[in-house]
Amino acid sequence: MKYKNTKYFLLGFIIFMISLNVTAQSDLSTPYSRFGLGDIYTGSPSTMLKGMGGVSNAMSNNCLLNPNNPASYTAIDSLSLLFDAGFYIKAASFSTTNNTASGSNASFDYTSIGLSATKRWKIGLGIMPYTNREYNVITEHSGPGSYNIEFQGEGGLNRVFFANGVKITKNLSVGVTGSYIFGTLLDNTSIYYPDSVSFINGKRSITMRVSDFKLDYGLLYRLPINKYDISLGFTYSQGTQIASERDIFIRSMFKGFGNQVESPIDTLKYVENEKVGFTIPDGFGVGICFDNKEGLTLAADFNWAGWEGFTMNGVNDSLQNAWNVAIGASYKPKSTSISKYHKKMTYRAGFHFDQTYYNIYGESINKYGLTFGLGLPVPRSLTSFNVAFEVGSMGTIKNNLVKENYFNISVSMSINDRWFIKKRYQ
């Protein structure tokens, strides 16, 4: 049974999910998020594609919202409105040569919608995290007058996007996405003497507020060969100067470390609303997808971004050019309305390897993950639930660095609703 107010309920639910996602960003992040803009969200924001190793550059179909390549939106059915929202659970352990720690977290991941503007022009709107910063690192310096330095940070950037895909010919589509990047990054650096209450400690706090726009582009070419479909995808992220403001507060104090309340002595520097900026670099991605039209899909991606030389707050961070490769597969058995449920499910698997943009003490911080996923259709509807599992590792314990082992579970709800059918009978 379909209620009269289905569309109004769905529209209200979409607005609710988007507003919830704006305020829900929180993550268990790597200690390396101290550098650059923090931990950048790479791979695909779609749970469907996360189960396939994060491949996205050449992926498109009429049930998929793929913000990584705006040209993919042209596959949306002209009579449909698509809605996709996801959240995730992350558990991780962190280890050095001497210590270990662990934690877990759950958070909303993304919200997106897609629909037709015209027969050839399709649009999408959504919100997702762009970067995350969450770290607390203490370095100990022994000897006469031993002291500690504590690095602590939090916050992150979000991305609201408006995607446009246009079908140029039967097999060629192009797209452009306008994104609004916004958020706050907070960094504290403290130097203190843990063995003395009479020594003066110091602390520097930098709060950066980011707010600006950027553009990304996509191209998708479908190449039918006999009974197969081969898709080639290309994406380009335009390098952009991002405007921001920052506050700097440097002070001397007694105490102010651990659980001790600061006892102020003097303000050494205070700057408010200083206009600064940084550049998000150019990046590109290429991908290929093979579909045998009998339920099997294979895909592979390569992505690159030029982060070497990135500067923020007057510091040239320990960054390098980043790249990643990903491969993935999905399989949906042939089924009918009376087939058993497991034959109606979609099965996914994949792998990715990332050279992240972190390079610490000459060590490239690499990341890899194995992924598995399931598509779980809701009977007698076009709605489905998707789940993706990822197990992986990032970093190294060499040179007193940190290695992270993690396990992620991503879950999403995908709704495909027919909105634009004229009623024949009242």
Restricting segment 18-57 to residues that are in contact with a helix residue (DSSP H, G or I) (Cβ under 7 Å, 6 or more places away or on another chain) and modelled with pLDDT under 90, the residue that is surrounded by the most Cβ atoms within 10 Å (Cβ to Cβ): 44
- line: Per the filter on segment 72-111, residues farther than 22 Å from residue 158 by Cα, in contact with a strand residue (DSSP E or B) (Cβ under 6 Å, 6 or more places away or on another chain) and among the β-branched types (Val, Ile, Thr) are 74, 76
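So which of 288, 338 ends up being crowded, with 16+ Cβ neighbours inside 10 Å and either more than 18 Å from the chain's Cα centre (by Cα) or of a type in the set (Phe, Trp, Tyr) (or both)?
Values: 338 fails: crowded, with 16+ Cβ neighbours inside 10 Å.
Residue meeting the stated conditions: 288.
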query: Just checking, which of 169, 177 is under 21 Å from the mean Cα position of the chain (by Cα), hydroxyl-bearing (Ser, Thr, Tyr) and within 30 Å of residue 223 (Cα to Cα)?
result: 177
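Conditions (1) of a type in the set (Ser, Thr, Tyr); (2) part of a loop (DSSP other than H, G, I, E, B); (3) surrounded by 15 or more Cβ atoms within 10 Å (Cβ to Cβ); (4) at pLDDT 95 or above, marked per residue:
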site: 347; (1), (2), (3), (4): yes, no, yes, yes
site: 354; (1), (2), (3), (4): no, no, yes, yes
site: 371; (1), (2), (3), (4): yes, no, yes, yes
site: 407; (1), (2), (3), (4): no, no, yes, yes
site: 413; (1), (2), (3), (4): no, no, yes, no
site: 416; (1), (2), (3), (4): no, no, yes, no
site: 420; (1), (2), (3), (4): no, yes, no, no
- prompt: Does residue 136 count as modelled with pLDDT under 90, over 21 Å from residue 382 (Cβ atoms) and not charged (D, E, K, R)?
  reply: yes
message: If I ask for residues that are touching a Ser or Thr at 6+ places or on another chain (Cβ under 8 Å), touching a residue at least 24 places away in the same chain (Cβ under 8 Å) and either exposed (fewer than 14 other Cβ atoms within 10 Å of the Cβ) or closer than 17 Å to residue 199 by Cβ (or both), which ones from segment 122-156 would you list?
response: 148, 149, 150
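Quick check on residue 89: is it within 24 Å of residue 216 (Cα to Cα) and either crowded, with 18+ Cβ neighbours inside 10 Å or at pLDDT 90 or above (or both)? Give the derivation first.
On the way: within 24 Å of residue 216 (Cα to Cα): no; either crowded, with 18+ Cβ neighbours inside 10 Å or at pLDDT 90 or above (or both): yes.
So residue 89 does not fit the description; no.
Would it be correct to say that residue 148 is within 18 Å of residue 256 (Cα to Cα), of a type outside the set (Val, Ile, Thr) and at pLDDT below 95?
Values: within 18 Å of residue 256 (Cα to Cα): yes; of a type outside the set (Val, Ile, Thr): yes; at pLDDT below 95: yes.
The answer is yes for residue 148.
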message: Just the residues that are loosely packed, with under 15 Cβ neighbours inside 10 Å, within 27 Å of residue 80 (Cβ to Cβ) and of a type in the set (S, T, N, Q), please, taken from segment 104-121.
response: 118
- line: Within segment 377-393, of all residues that are among the aliphatic types (A, V, I, L, M) and at pLDDT below 95, the one surrounded by the most Cβ atoms within 10 Å (Cβ to Cβ) is 382
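State yes or no: is residue 78 buried (at least 18 other Cβ atoms within 10 Å of the Cβ) and hydroxyl-bearing (Ser, Thr, Tyr)? Please lay out each step first, then the result.
Working: buried (at least 18 other Cβ atoms within 10 Å of the Cβ): no; hydroxyl-bearing (Ser, Thr, Tyr): yes.
When the stated conditions are applied, residue 78 does not pass them.
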Subset of segment 166-193 [in contact with a helix residue (DSSP H, G or I) (Cβ under 9 Å, 6 or more places away or on another chain), surrounded by 18 or more Cβ atoms within 10 Å (Cβ to Cβ) and not small (Gly, Ala, Ser)]: 166, 167, 174, 177, 187
query: So is residue 265 touching a residue at least 60 places away in the same chain (Cβ under 8 Å), surrounded by fewer than 16 Cβ atoms within 10 Å (Cβ to Cβ) and either over 28 Å from residue 54 (Cβ atoms) or among the small types (Gly, Ala, Ser) (or both) or not?
result: yes
- request: Among the numbered conditions (1) exposed (fewer than 14 other Cβ atoms within 10 Å of the Cβ); (2) hydroxyl-bearing (Ser, Thr, Tyr); (3) closer than 30 Å to residue 56 by Cβ, tell me where residue 196 comes up short.
  value: (3)
field: One residue from 202, 233, 256 being more than 28 Å from residue 152 (Cα to Cα) and either out of contact with any Cys (no Cβ under 7 Å at 6 or more places or on another chain) or touching a residue at least 40 places away in the same chain (Cβ under 8 Å) (or both)
entry: 233
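Go over the candidates 49, 37, 115, 64 one by one and state the one that is more than 19 Å from residue 326 (Cβ to Cβ) and under 20 Å from the mean Cα position of the chain (by Cα). Lay out the reasoning, then the answer.
Working: 49 fails: more than 19 Å from residue 326 (Cβ to Cβ); 115 fails: under 20 Å from the mean Cα position of the chain (by Cα); 64 fails: more than 19 Å from residue 326 (Cβ to Cβ).
Testing whether each residue is more than 19 Å from residue 326 (Cβ to Cβ) and under 20 Å from the mean Cα position of the chain (by Cα) leaves just 37.
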- prompt: Only one of 381, 410, 414 is closer than 30 Å to residue 94 by Cα and of a type outside the set (Val, Ile, Thr); which?
  reply: 410
task: Report, by residue number, each residue of segment 90-121 that is of a type in the set (Gly, Ala, Ser), touching a residue at least 24 places away in the same chain (Cβ under 8 Å) and closer than 18 Å to residue 409 by Cβ.
output: 91, 92, 93, 103, 104, 107
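The values are calculated or read from the model by the stated rules, or taken from the named source; none is laboratory data. Since this is a predicted model, take the numbers as computed values, not measurements. Counting neighbours? That spans all protein chains shown, and the Cβs are built from the backbone with ideal geometry, glycine included.
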